[in-house]
Every structure is written in structure tokens, then in C-alpha cells.
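Written out below as C-alpha cells is the structure these notes cover.
Derivation of every value follows stated rules applied to the coordinates shown; laboratory data play no part. None of the values given here were measured: they were computed from a predicted structure. Counting neighbours? That spans all protein chains shown, and the Cβs are built from the backbone with ideal geometry, glycine included.
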Amino acid sequence: MIRNFVLSASLVLCSSAVWAGSYADASDAPDTAMPAHEVDIEAAKKIFQKSCRGCHGNKAQGAASYPKINDLEPEYMADKLERYRAGEKFGPNSILMIQQAKKLSDEDIANLSVYVATAFDK
Amino acid sequence: MNWNKSHSRLPLVGCLLAGTAILSSPVLAQSGMNTTSLQHEVVLDDLENPWDMAFLDDGTMLFTEKCKGLSIRMPDGAINALYGVGETEGYGSNGADLFCEGQAGMMGVAFDPEFANNRRIYVYSTSNMSDPHTNRLMRFTLAEDFTSVADRTDIVDDVPYKMAASDHPFGGPGAHNGGRVRFGPDGALYLTTGDNHNGEVPQSPTMMGSKVIRIDTDGNAHPENAPPEGFDKRTYTYGHRNVQGIAFHPKTGAAITAEHGPWHSDEITILRNGGNAGWDPRPNMAGRGDCPDNYCGYSPNQEEGMNRYERAAYMPMTDFDTYPDAMPPIWNNNGWSQGTSSAAFLEGEQWGDWNGAMVVGIMGIGFGGTPIGQRIDVIQFNDENTDVEDVTEMTLPMEPGRFRSVVMGPDGSLYTAIDEGTIYKLTPGS
């Protein structure tokens, strides 16, 4: 399913479409932990540019003392963002992440998790 | 959502910038009011947290990578890996005691002004040779063929290091080491250090964090240093937070620091020999109560965003109430803290009106409503060179990044390293 989505996301990025194709549309997609969801790549990109890149780097490749996140599975990243949003502390930069995550809706988290995992060359 | 509105043009800009990066075109330029047209060139890419560079007149460039080590790029582009951090493979030799953690690792680097005669270079790194661990300024001899270093001598071995995590933002071990290494026009060696998230360090007369250290190349105090009585004589200035930028005014020779503020008030300060920068994050003083782990540097309300001026009133970057004679900053980034890191002066007629102006690299943060602010600012001084007259954001011909280092090259171009792993060359002209 992720592979299907990666292809879809890449095409959408190149065509500058506002709404990405959804992996819910992939007819052969198996059941996954992530809910079926239309992914708004442009919305995710805006959040990334404003809230993520300043620390994690312009390609989410990690920078300074901030970890690489473009290699994370979307499900893993979504789980972490949800835990930060709930105020859970884990890792040395929890205070920063809690502040960033608490502004995010479920949709934002879903969008961002897929965008970060698929948008950059690795 | 607000961020959608405020960044509504980013997708288009992002696409354009991405296109320029992919094409790696050297002929891109932008022009406009108060903007010098610039070309950019990728000098090195895919580095791991490049931290600093230093040049010889022929373009030979030393550079450090925080967790990997010290390397040198020859004028023909060949890279020689000289001295590795810990067990990092691929280096001519290694410092088994060197390590990286959080913000700590291998940082500043400099050529000796007499390099042609003595082959000496200097590099600053975190080391576990002492316990508790420290940051050390090492001197090496660089081989005639530029392929190896020898004769390591630790000329400063006692800059404190943060050993354990604390209850603060960015609270992991290794915080606030300063790290820039530069020779001044007086021939002295300057090393900038940081507070380690330790409230006692900045105003301490003996702990060598939060200082600008001025020494000779053996590590001895400069004889004209004038710190207060009882201070370590290597102290040129003290009471800093975490100085990562230092440069020397081309006309006055004054040492000028660019410093990263505590969620407010990045600062540029013209140093005064023996001066106090006025940072004192101890609890239970200056109207403050207890603070997490005895460090008020992010107080009050360290887990939430809040008005930067309210923060500054509670925990000032320069506390004039407590230290009326503190060195006054000449720039405070409009009260923001956005990760001000490094500084240099532009040199040469090719820079037009910016010839002689200071440039400051800003890494960006984006917390609690603060704009990320990744950029290079051009700071123009007044006629007396005593204050800031104008600040212009450099219009960049490439995508911005975490601008860790800005260094003038011998070719008249400005070189800048971003944490993301690239060293760029910025050249005026279209």
C-alpha cells in the first residue's frame, strides 16, 4: 500500500495538484493500521515548511541534534505525533514536539506523516 | 488554518526553488532594492552536519563535520579526511576520545595566520578524555602534502560540557558549547563557549563556558585580557549564553559576537575587553524564583510559547538591572530568537554597498509562534562603526537551510554551511 502511495504522491507533487490521489483509491490496497484517507499533500507541505524543517532539515533528513524523520513509516510517525499531541514526553526534545503537535488535527497528522515519508529523495 | 494563509505562496516558491536545486544552475541571480545579485554553487554536498570552514589563499578549505571529523578540500576538489571523531572510519587518524552528542561534537576550525611557516591548524571538539567530559581546542601540524595531521596538542582542555539531560527544551546532554575558533587582527586566537544549561557557568570567574577566550597558540592568556579580578585570565568577555558567531570589524578590528538567544533576543554585540554580556540564568535572583534544574534560561513558562518581550523582561539576555555595565547589544533580531549562529564580514568591491558589511547566518527555530527565519542577514554599521544602521535579508539564489557557518573565501565569495549537509559558495553578480 505504501509503495502504491509513494508513486501517487510523487506524481501529484510533480503536477502541483492541490489534492493528492488517495491511497484509499488503490483498489488492491490491503488492510493497514492507517485509516483510509485522502492525503492533502499541499496542506502537509505547508505544515512541514512552517513547523518541521527549521529543526529536522529541509528534506527531513535530520540536522544538528534533531533526528532524521524521512525514513519513518507513516504509521510510526503518526503514532509519535499523536503521543506528543497528548502531552507525552519521550526524548530530549519533547517540549518542542509537544508544542508543535498540539496544533495538529487528526487530518494534519495523517497528511504530514505520509508527506514526510514520501516527499524527499533519500 | 492560519499557517495555510500565511504560507499560501510557498508551494510555487518551493517548486521554483526545488527546480533550481535540481538543475544546480550557477547562473541564477536575483536583484532588487537593497539586494545584491548572487550566484550559488554547491561546493560540497551530502556532508553530515558541516559545522565550520577555514581557508588558505589558494582556496584550500578545512571543514568539520560534527560527528565525523576534520577534512580538507584541496583546490582541485580532492578531499582528504584528516582526523576522525572517535572510531569514525576513513580518516587518516582518529581522536579516540572525541565524540558527539546532541549539539556537541567537532565544531570550529582555523588555520594559523603563520600557517605557511608552521603548518599549524586548530579545531575544537568534545572529548571524553576528562571526566566529567570537556570541550577541547586542539592544535595540529598539517603534513606538507595535506593528507594527515600530527602533533595533537590540547591547548584548551577545560571548556565544560553538559553531561546529563535536564528538564529544559533542547534538554539533552551536550547543549551549548559555543564552538567558533577565529584569529583576530591582533594575532590572538579567540574561542567562543557556551553555558551548558548550567546557571552557574555564565558569571563564573573560573568555569570557562559562556566566555570568549583570547589566548596565544599555546593556550596562554593574552597579556592584555582585562577580566574582573579573580577571573581566569584567558577570559576576554564573559556572561554569554552560547556564542557561535564571532567576527572582527575590518576597520576597527573590534571583536563582534553573534549569539543565539533564549527564545527571545538573538544578539550582536561589540565586545569590550573584560566585558560582561549580562546573561545570568541562575534561579532565585533578579526577581526570579526556582527554575527547572536550577537553570532559568527558558523560563518563564518554558513549555509554552509566549510573548517574547514578557520572556525578555523575566529572563533578559542582557540583564542591565543586575549588571548596569553590561555590554549593550547593537541588534536583537527584533526580539526574536531564531538560531543566530555565525558571523563574517563581506570583503571586496564585488559586494557593492555591502562591502564591509557583516553577515549573520540564522538557522531557524519556529517555536511558539516565532517565524522560522532561516536566512542570512546583512548588517550594515553606522559611520562610526559603533551601531547597526541597516539590516537586509540576503535574497538567496537557493533554498534556505540551517545556516550554521558563514565564512569569507579568499576568492571574494561567501561560503556557507547548512546543517542539512551542504556547503554553498555565494558569489555576487548575475
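Whole angstrom only: what separates the Cα centroid of the stretch B:239-283 from the Cα centroid of the stretch B:161-198?
With the stretch B:239-283 and the stretch B:161-198 each reduced to a Cα centre, they are spaced 13 Å.
Calculate how many DSSP beta bridges within chain B are antiparallel, expressed in % of all such bridges and rounded to the nearest 5.
Looking only at bridges with both residues in chain B, the antiparallel portion is about 95 percent.
By how many nm would the segment from B:Ala143 to B:Glu87 lengthen if fully extended, with 0.36 nm per residue of separation less the alpha-carbon distance?
So the extension gain works out to 18.0 nm.
Could you give the length gained on full extension between B:Asp151 and B:Asn94, defined as 0.36 nm per residue of separation minus the Cα-Cα distance, in nm?
Taking 0.36 nm per residue and subtracting the Cα distance, the gain is 19.3 nm.
Efficiency by 1/(1 + (r/R0)^6): what FRET value for B:Asn307 and A:Glu88, r their Cβ-Cβ distance, R0 = 45 Å, to the nearest 0.05?
So, using R0 = 45 Å, E works out to roughly 0.95.
Based on the Cβ-Cβ distance of B:Asn334 and A:Lys102, what FRET efficiency does E = 1/(1 + (r/R0)^6) give at R0 = 35 Å, to the nearest 0.05?
0.85
With 10 angstrom as the radius, rank B:Arg214, B:Arg180 by how many other C-beta atoms surround their C-beta, starting from the fewest.
Ascending Cβ contact count within 10 Å gives the list B:Arg214, B:Arg180.
Would you calculate the separation in nanometres between label points at B:Leu56 and B:Asp325, each defined as 7 Å from the Cα along the Cα-to-beta-carbon direction?
4.5 nm
Sequence neighbours fewer than 8 away in the same chain don't count; with that in mind, list the lysines whose C-alpha is under 26 Å from B:Lys251.
B:Lys211, B:Lys425
Taking the Cβ of each residue in B:Ser210, B:Ser127 as the centre, tally the other Cβ atoms inside 10 Å and list the residues starting with the fewest.
Ordered from fewest to most neighbouring Cβ atoms within 10 Å, B:Ser210, B:Ser127 come out as B:Ser127, B:Ser210.
Work out the FRET efficiency for B:Ala164 and A:Asp71 from their Cβ-Cβ distance, taking R0 = 35 Å, and round it to the nearest 0.05.
So, using R0 = 35 Å, E works out to roughly 0.80.
With a sphere of radius 11 Å drawn around the Cβ of B:Thr126, what net charge do the other residues whose Cβ falls strictly inside it have (Lys, Arg +1; Asp, Glu -1)?
Summing Lys/Arg as +1 and Asp/Glu as -1 gives +1.
Which of the three applies to chain B, rounded, prolate or oblate, going by the alpha-carbon gyration tensor with a ≥ b ≥ c and a/c under 1.5 meaning rounded?
rounded
Under the definition of partner shielding as Cβ atoms of other protein chains within 10 Å of a residue Cβ, what is the mean value for peptide A:43-52?
5
For A:Lys46, list the lysines whose Cα falls under 21 Å from its own Cα; do not include residues on the same chain fewer than 8 positions away.
The qualifying lysines are A:Lys59, A:Lys68, A:Lys80, A:Lys102, A:Lys103, A:Lys122, B:Lys5.
With a ≥ b ≥ c taken as the square roots of the eigenvalues of the C-alpha gyration tensor of the stretch B:293-430, please select rounded if a/c is under 1.5 and otherwise prolate if a/b is larger than b/c or oblate if it is not?
It is oblate, given that a/c is not under 1.5 and a/b is not larger than b/c.
Summing -39500 (n - 2.57) over the DSSP H runs of n ≥ 4 in the protein assembly as shown and dividing by its residue number, what mean residue ellipticity at 222 nm do you reach, to the nearest 500 deg cm²/dmol?
Taking each H run of at least 4 residues, the total per residue is -4500 deg cm²/dmol.
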